1. For the subset of region 161-191 comprising residues that are at pLDDT below 80 and buried (at least 16 other Cβ atoms within 10 Å of the Cβ), which member is farthest from residue 128 (Cα to Cα)?
2. Test residue 294 against the criterion of being touching a helix residue (DSSP H, G or I) at 6+ places or on another chain (Cβ under 6 Å) and not in a helix (DSSP H, G or I), and give yes or no.
3. For region 47-62, what are the residues that are loosely packed, with under 13 Cβ neighbours inside 10 Å and closer than 27 Å to residue 198 by Cβ?
4. Would you confirm, using the coordinates I've provided, whether residue 373 is at pLDDT 90 or above, assigned by TED's automatic domain parsing to the domain that holds residue 249 and acidic (Asp, Glu)?
5. Are any of the residues in region 338-355 out of contact with any strand residue (DSSP E or B) (no Cβ under 8 Å at 6 or more places or on another chain), hydroxyl-bearing (Ser, Thr, Tyr) and farther than 30 Å from residue 458 by Cβ?
6. If you go through region 247-291 one residue at a time, how many are small (Gly, Ala, Ser), in a strand (DSSP E or B) and in contact (Cβ under 8 Å) with a residue 60 or more places away in the chain?
7. So which residues in region 269-317 are out of contact with any strand residue (DSSP E or B) (no Cβ under 8 Å at 6 or more places or on another chain) and among the acidic types (Asp, Glu)?
8. For residue 299, are the conditions met, namely being in contact (Cβ under 8 Å) with a residue 24 or more places away in the chain, in contact with a Cys (Cβ under 8 Å, 6 or more places away or on another chain) and either in the same structural domain as residue 450 (by TED's automatic domain parsing) or not in a strand (DSSP E or B) (or both)?
Amino acid sequence: MILLKKLFYLSVCALGAFAIVATIVNVAFEFYFQDKIYPGVRVGNVDFGGQTESSVQKYFSLRQHLPETVIFGSSSANLKELGLRFDLRLMSRRAYSIGRQNSNFYHDFVQKIAAVTGHLNLPLEVTFNPDKVTLFEDTIAKDIEIPVVEPQFKFAPNAGPDLKGRVVVFRPSQKGLKLDRSTLEFQLKSLLTTPNSPTSLTVPIKIVSPNLTTAKVNRLGINDLLGAGISYFYDSIPGRIENIRVGAEKISGSLIAPGETFSFNQAIGTVSAVFGFQKAYVIKEGKTVLEDGGGVCQVSTTLYRAALAAGLPIIERAAHSYRVPFYEQGNFAPGLDATVYPPSPDFRFKNDTPSWILIQAVYEPEKLKLTFEIFGTSDGRTTQIAGPYILSVSPPPPPIYEDDPISPMGQIGQIDTAHWGAETSFTRKVNRNNEIIINETVNSSYIPWPARFLRGTKI
């Protein structure tokens, strides 16, 4: 028993002595490395154990050897202008922080052991000016990117037995090309971390596939005509007629997912001569002027009428400033138009049905008529529209004469016609399974519009 007690006391003393020695060694170790990187810590496979943070910065600052320019396809990049360099502060700070997190003793201890045993190597960190790199990427993108083209579809309710009630493609899809920006940035960083880096690199490109196929669409449950809208464009100039055709073609075939909001401006894209639009009259800054895309509002107006008939919620719609005669052709009262001018105002409606819906245009130039049909799967809703009713009218103001120094003295030419102002209103009720889901009153206000004349003053 006495022997066991002696052995116990000896063990306690030995452990105590070991603890004292370990503490002294640890204190001496921490004192020696208090402003130095712990032994075995490497950055980019270079050992910086026992050195200071400034040593890391100095070492890599002398090794930032870059080619002046690097070529990506048909574009070249000045690497200094892009701000490409080692992130000296970050690398040195991370090296010094190994084993000094202070939040977890065990974590710090494991990091020190990993460093000493040669299992801790920090990566090289590279930085650049993000704004300048983005501008460089945009330059490359302009040359190589091709937008993906989604297929446009046509509903064939009256086709033969094999196609009846199915969707067919009338504009095939097209894969797109997109700059892989993350890979390009990785390539730029690699120039600094790779010895004898190349001065010419391949532009990284991603192939973008369309989201939809005809087979997929035929599984979407598009079986019923939900609603249709029509408008006429008698007396339109050739440019306006062409814009109606182009605009209708761009909208036709659009598919809207359940819960998705359709934006007319987004669907039609940029309205300019570059994309097939011609000059025709638009309302701009209180005047009627010639501009690319005049007549596009005929397209948005017709689609607005179709969305109303289909019982879909209208998210955004604005009436024109004054009564446009085109939208009252076919015995339509004022108040059923929808003006657009990208990016704003816009015409938007929501697909609140449980199924996809398909927009299909029927363009009939021989009849000067445009129809939009909205197909989907009926959920039993019915729509009742009362009106529009004209609540009041106001006469146009006196005509406006503007001097024209180019035309001969006394010559007068009309550049804008007069229009009566009006206040209109209609109500719409949408019923589904004996429940009214939409009950709205839509008011439109049209200002009286003066005739405008140019009066020649040239002598």
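The values are calculated or read from the model by the stated rules, or taken from the named source; none is laboratory data. What you are looking at is a predicted structure, and each value in this text was computed from that prediction instead of being measured. Virtual Cβ from ideal backbone geometry, glycine too; neighbours counted across all protein chains shown.
1. So the first thing to find is which residues in region 161-191 are at pLDDT below 80, and the list is 161-173.
Then keep just the ones that are buried (at least 16 other Cβ atoms within 10 Å of the Cβ); that gives 166-167, 173.
On the way: 166: 53, 167: 50, 173: 38 Å.
Checked region 161-191; the qualifying residue farthest from residue 128 (Cα to Cα) is 166.
2. Details: touching a helix residue (DSSP H, G or I) at 6+ places or on another chain (Cβ under 6 Å): yes; not in a helix (DSSP H, G or I): yes.
It is true that residue 294 is touching a helix residue (DSSP H, G or I) at 6+ places or on another chain (Cβ under 6 Å) and not in a helix (DSSP H, G or I).
3. Kept after step one, since they are loosely packed, with under 13 Cβ neighbours inside 10 Å, are these residues of region 47-62: 54, 61-62.
If the condition is that a residue be loosely packed, with under 13 Cβ neighbours inside 10 Å and closer than 27 Å to residue 198 by Cβ, then 61, 62 are the ones that fit.
4. Working: at pLDDT 90 or above: yes; assigned by TED's automatic domain parsing to the domain that holds residue 249: yes; acidic (Asp, Glu): yes.
For residue 373, the condition - at pLDDT 90 or above, assigned by TED's automatic domain parsing to the domain that holds residue 249 and acidic (Asp, Glu) - is met.
5. Among the residues of region 338-355, at least one is out of contact with any strand residue (DSSP E or B) (no Cβ under 8 Å at 6 or more places or on another chain), hydroxyl-bearing (Ser, Thr, Tyr) and farther than 30 Å from residue 458 by Cβ, which makes the answer yes.
6. Let us first name the residues in region 247-291 that are small (Gly, Ala, Ser), namely 247-248, 252-254, 257, 259, 263, 267, 269, 272-273, 276, 280, 286.
After this cut, where a residue has to be in a strand (DSSP E or B) as well, the list is 263, 280.
From what's left, in contact (Cβ under 8 Å) with a residue 60 or more places away in the chain: 263.
Qualifying residue count for the region: 1.
7. If the condition is that a residue be out of contact with any strand residue (DSSP E or B) (no Cβ under 8 Å at 6 or more places or on another chain) and among the acidic types (Asp, Glu), then 285 is the only one that fits.
8. Values: in contact (Cβ under 8 Å) with a residue 24 or more places away in the chain: yes; in contact with a Cys (Cβ under 8 Å, 6 or more places away or on another chain): no; either in the same structural domain as residue 450 (by TED's automatic domain parsing) or not in a strand (DSSP E or B) (or both): yes.
In short, no.
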